[in-house]
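Q: My questions all concern the structure below.
The values are calculated or read from the model by the stated rules, or taken from the named source; none is laboratory data. As the structure is a computational prediction, the values presented were derived from the model and not from experiment. When we count neighbours, we look across all protein chains shown, and the Cβ atoms used for this are built from the backbone with ideal geometry, even at glycine. The protein model used for the area step is the full one, side chains on, heavy atoms only, and it has no ligands, DNA or RNA in it. Shrake-Rupley method; radii C 1.70, N 1.55, O 1.52, S 1.80 Å.
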Amino acid sequence: MRVLMLGWEFPPHISGGLGTACYGMTRGLARHGVDVHFVLPRLRGDSGGMDSHLRLLSASGTQVTSETARTLSRASLELWQKRIAVHYVDSLLLAYDTEESYAERYRLLQGMNRRTGYEERYEVHSDMVELQGDYGPDLMTEVYRYSKAAAALALTEFSQKGFDVIHAHDWMTYPAGMLAKAVTGKPLVVHLHATEYDRSGENVNPAVAAVERAGLHAADLVIAVSHLTRNVAIRRYGVPPERVVVVHNAVSRRDAGHRYTVPAMCRHEKRVLFLGRVTFQKGPDYFVEAARLVLDTMPNVRFIMAGNGDMLPRMVRRVSQLRMGNRFHFTGFMRGAEVDHMYAISDLYVMPSVSEPFGIAPLEAVLYDVPVLLSRQSGVAEILRNALKVDFWDVREMANKICAVLSYPRLSAEMVKNCHEELKAITWDKAAQGVLNAYHTVCRR
């Protein structure tokens, strides 16, 4: 089976769990004999050394011929004007507005209106699509242009050998999947790794939510990473339940925990780790508040917040207000060996997410023999049953469980042992089989 897979990031260039999940999933599919062609916005110079199990393609630089441009223009008109419609109501004015802030918001809105296809739909000449391939300030334009380039690749690159299924990961590639389906007639599977309601709560970005809704309804089948996420797709977006299946993520096996030794200077204190994006979705503020309660009882504990995000400045200020800067450290964004080392020197990993569709990091922590404390509002809690769990908002209970794990080594060891047993059944091969079943379902239809 040949699959045209559309993604936004892939190792070694990742900013979160999406790239890690795509890497593990494609390796599992390759072992099942699936021929994967993975389209990224732009390939970096060092991309490809670890990717022999699939073919990586760059959407940037795609040549769009006159004939292809005409085909894409008709499909784009349908997609961006009728299926992905964003309606703005009320005034742009906000409290504490200034002339400068109003003008900036008006400029952004005008840019959004221009990016709905009205200008580019008339292009019928040969064109070279160039993409930056990152999460820049003009992301929606990148999403639109990526959709054109990916659909052009679907028409040209695979016109001779063909492919069986289009597989789009997360909202930024849904328009590309929809456009590729429109111009090729191939079935579309969309992978729901997270929703705008997970990322933003009730303050959703209407443009992003519109893209998600359109992609989920255009798909022949939706793969959700957890039952929690499946329920969001059904309840928030009205996707028919029979069109949403659950395939849990997994973790890659590696020689973890043996490449690093804990420095002697770290052995006299306990270390508690938060590792992830410092954003609303991940609940960093609850971690900070729980840390203060723990330090009131156990002053010889060190808390580490590894990651970056829009809430980081606020967390730094809050730690300063609580006067625990000497026991709380911010490392910034980490990757690769830095992450491995951080797991290895930690005594507990805490994931206090407000809404976590899955969460691969706790599985990685277990590989390093680190016990984990999970938010009950997380998808990984569905399969990691021997981890401790707490409601994200209950900081006192979170603090109590942190103290319990740090105070009782036998409890910590038993948690790690039981979670290791569970990991034996949490593999990318098993996840890939679930994805392959989804492919066969849409192909039979």
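Q: Accessible area of the stretch 294-335 with a 1.4 Å probe: how many percent of it is carbon plus sulfur?
A: Values: 1150 of 2360 Å².
Answer for the stretch 294-335: carbon and sulfur cover 49 percent of the accessible area.
Q: Related question: Taking the Cα atoms of the stretch 386-439, report the difference between the largest and smallest coordinate on each principal axis, in whole Å and largest first.
A: Principal extents (Cα only, largest first): 46, 27, 10 Å.
Q: Going by average Cβ neighbours within 10 Å, how do the peptides 234-245, 284-295 rank, with the highest at the top? All intermediate terms of the calculation are to be shown ahead of the outcome.
A: Details: 234-245: 14.8, 284-295: 22.1.
Top to bottom by mean Cβ count within 10 Å: 284-295, 234-245.
Q: Turning to a different aspect of this structure: What are the residues whose amide H is under 5 Å from the amide H of Thr62, where those residues sit 5 or more places off or on another chain and H is modelled from the backbone?
A: Val129
Q: Tell me, what is the FRET efficiency for Asn205 and His268 to the nearest 0.05, using R0 = 35 angstrom and their Cβ-Cβ distance as r?
A: It comes to 0.15.
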